[in-house]
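One structure below.
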Amino acid sequence: MEQLTFQVPHMDCPAEEQLIRMQLAERTGIRRMEFDLPGRTLLITHSDDAALIERLLIELNLGAVLVGRTEVAAIEATDESDLQRRVLITVLVINAALFVIELITGLIAQSMGLIADSLDMLADAIVYGLSLYAVGRAASHKQQVAKISGYFQLCLGILGMAEVVRRFLGAGDEPGFMLMIGISLLALSGNAASLFVLQRARSQEVHMKASWIFTSNDVLVNIGVIIAGVLVFLTGSHLPDLVIGSVVFAMVCYGAFRILRMAR
């Protein structure tokens, strides 16, 4: 039995963890995976092909680098299916609900920042949904759904960028900064709740170290929209909203490309 240590620089939120779990779901020789998101570290205990595991991780383009290999005592595989389902259902519901809330209020407030953030929530919900669907199913099912979801997400991102350009050229009114700030605070709370649920689930697994997840891209996006709302209020301009919207739509498109690469 061998333990591989990977540094994964771009593994900074639970969505990346789920992508890795999905990517390695078919490797029956993997006995244990330990994720340290703050430390960007992944430990894999296995009796599989180390080179293949490394290649599968590299394919995700998260910057995974094998930094250590250690012989360890044999262990039994841990059945985490029920726990994973409960956790994934919880965070899926949170992200899906926030997607609907942010999308509706974003349209009402005419805020591209909120609309973009809602699509970022949708992107996370897609990742969690794919992970939930993949539990106990063959890779072919996972890949088919991943492709459909990836293309759907990419279309949304492109349409969002087109709308940003349209508004930048003069169409659209000043967004409602109060809704931007208020709903972003709600979304921030939702992301914190998701991280808390994931962290609690991790601490209940005897083979995983409890680690405090202190940052994620979603939290940064929420803070960005809040700052944009404040700047809209102070300047009376819609440009801060368009800037944060552009950034988040770009993130949504990047996430779509990553899902599509994984589904190949």
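The values are calculated or read from the model by the stated rules, or taken from the named source; none is laboratory data. This one's a predicted model, so the numbers in the text were calculated from it and none came from an experiment. Here the Cβ is made from the backbone with ideal geometry for all residues, glycine too, and neighbour counts use every protein chain on show.
Within the range 218-264, how many residues are modelled with pLDDT of 85 or more and touching a Lys or Arg at 6+ places or on another chain (Cβ under 9 Å)?
The qualifying residues number 4.
A quick yes/no check of all residues on (1) among the aliphatic types (A, V, I, L, M); (2) crowded, with 16+ Cβ neighbours inside 10 Å; (3) at pLDDT 85 or above; (4) touching a strand residue (DSSP E or B) at 6+ places or on another chain (Cβ under 6 Å):
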position: E163; (1), (2), (3), (4): no, yes, no, no
position: R166; (1), (2), (3), (4): no, no, no, no
position: L169; (1), (2), (3), (4): yes, no, no, no
position: G172; (1), (2), (3), (4): no, yes, no, no
position: G176; (1), (2), (3), (4): no, yes, yes, no
position: S184; (1), (2), (3), (4): no, yes, yes, no
position: L188; (1), (2), (3), (4): yes, yes, yes, no
position: L195; (1), (2), (3), (4): yes, yes, no, no
position: L198; (1), (2), (3), (4): yes, yes, no, no
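Take the residues in the range 24-59 that are surrounded by 21 or more Cβ atoms within 10 Å (Cβ to Cβ) and outside any strand (DSSP E or B), then tell me which one is farthest from the chain's Cα centre (by Cα).
Here the residue is I53.
So, L52, is that one touching a helix residue (DSSP H, G or I) at 6+ places or on another chain (Cβ under 9 Å), at pLDDT 80 or above and of a type in the set (A, V, I, L, M) or not?
no
Return the residue satisfying two criteria in turn: it lies in the range 100-122 and is in contact with a Leu (Cβ under 6 Å, 6 or more places away or on another chain), among the hydrophobic types (A, V, I, L, M, F, W, C) and farther than 12 Å from D218 by Cα, and of such residues it is surrounded by the most Cβ atoms within 10 Å (Cβ to Cβ).
Of everything passing the filter in the range 100-122, M112 is surrounded by the most Cβ atoms within 10 Å (Cβ to Cβ).
Could you check the range 221-238 and list, in sequence order, the residues that are without any contact (Cβ under 8 Å) to a residue 24 or more places away in the chain and surrounded by fewer than 16 Cβ atoms within 10 Å (Cβ to Cβ)?
L234, T235 - these are the residues of the range 221-238 that are without any contact (Cβ under 8 Å) to a residue 24 or more places away in the chain and surrounded by fewer than 16 Cβ atoms within 10 Å (Cβ to Cβ).
Assuming M33 fulfils every condition listed in (1) modelled with pLDDT under 90; (2) within 28 Å of G255 (Cα to Cα); (3) of a type outside the set (K, R); (4) out of contact with any strand residue (DSSP E or B) (no Cβ under 7 Å at 6 or more places or on another chain) apart from one, which condition is it?
Failing condition for M33: (4).
Can you find even one residue in the range 99-118 that is of a type in the set (D, E, K, R), in a helix (DSSP H, G or I) and at pLDDT below 80?
Looking through the range 99-118, none of the residues is of a type in the set (D, E, K, R), in a helix (DSSP H, G or I) and at pLDDT below 80.
Can you find, within the range 119-136, the residue that is modelled with the lowest pLDDT among those that are under 13 Å from G255 (Cβ atoms) and more than 11 Å from the chain's Cα centre (by Cα)?
Filtering the range 119-136 for residues that are under 13 Å from G255 (Cβ atoms) and more than 11 Å from the chain's Cα centre (by Cα), the one modelled with the lowest pLDDT comes out as L130.
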